[in-house]
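Following: one structure in structure tokens, then a few remarks.
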């Protein structure tokens, strides 16, 4: 019997869970390289076990569980409908900004939905901080255009001023992110 998908995610020790997920994923990659170099049966078995461990820990292939919970269609539908618990879980996930296999795709799905729903003033402020953190992130952010797109919903004159004053290192990709956000806030206010 299928239980309805819960709208909440357990964020208890989330940073440690993401660190463990990343460790398992890295180990699977390292052992993959080893098995390809040596071709030994024991190296292949170690790699297969590492992949199984990573998939089990992550919930890979089961979008209603663990790290792939945020891709579940029931959760995404609740978020699109503006469900308070779904919004809170999505915002917390973006605040943590985990980086693991498919996390960029998951973030883009959340950002697109948050762009189209009514948010409280508190949620807007929290998401403005999320966007600022994304600007400064040293990680590749293939989903960055979705952070910038969210500004259509959370852009305010005050936030535009805050972005203008933001002191960003002279790294080209960080400067591009800031410029993109300034432009998107500007156009959202017109």
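Per the helix-only calculation at 222 nm, which mean residue ellipticity applies to the chain, given -39500 (n - 2.57) for every DSSP H run of n ≥ 4 and division by its residues, nearest 500 deg cm²/dmol? Spell out each step's value before the answer.
Details: 9 runs with 130 residues, N = 190.
Only helices count here, giving -22000 deg cm²/dmol.
The Rg/Rh ratio of the chain, with Rg taken over Cα atoms and Rh as the Kirkwood radius over Cα pairs, comes to 1.05. Considering only Cα atoms, the convex hull volume of the range 86-190 works out to 91 Å³ per residue.
Legend: calculated FRET efficiency, residue 121 to residue 56, from the Cβ-Cβ distance at R0 = 30 Å, rounded to 0.05, equals 0.15. Between residue 33 and residue 65, the modelled label-to-label distance comes to 3.0 nm, taking each label 7 Å out from Cα in the direction of the beta carbon.
Normalising the average separation of contacting C-alpha pairs (under 8 angstrom, six or more residues apart) by the number of residues puts the relative contact order of the chain at 16 percent.
Stokes-Einstein diffusion of the range 118-176 at 20 °C, 1.002 mPa s viscosity, Kirkwood radius from Cα pairs, rounded to a whole number: 177 µm²/s. Our estimate of slack between residue 162 and residue 26, defined as 0.36 nm per intervening residue step minus the Cα-Cα distance, is 45.2 nm.
Taking label points 7 Å from Cα along the Cα-to-Cβ direction, residue 13 and residue 49 give a separation of 2.2 nm.
Taking 7 Å steps out from each Cα toward its Cβ at residue 189 and residue 97 produces label points 2.3 nm apart.
On the basis of the beta-carbon distance and an R0 of 45 Å, residue 105 and residue 40 show a calculated FRET efficiency of 0.85.
None of the figures in this text is laboratory data; all of them are computed from the coordinates on show. It should be emphasised that the depicted structure is a prediction, and the values quoted were computed from it without experimental measurement. Every residue, glycine as well, gets a Cβ built from its backbone with ideal geometry; the counts of neighbours run over all protein chains shown.
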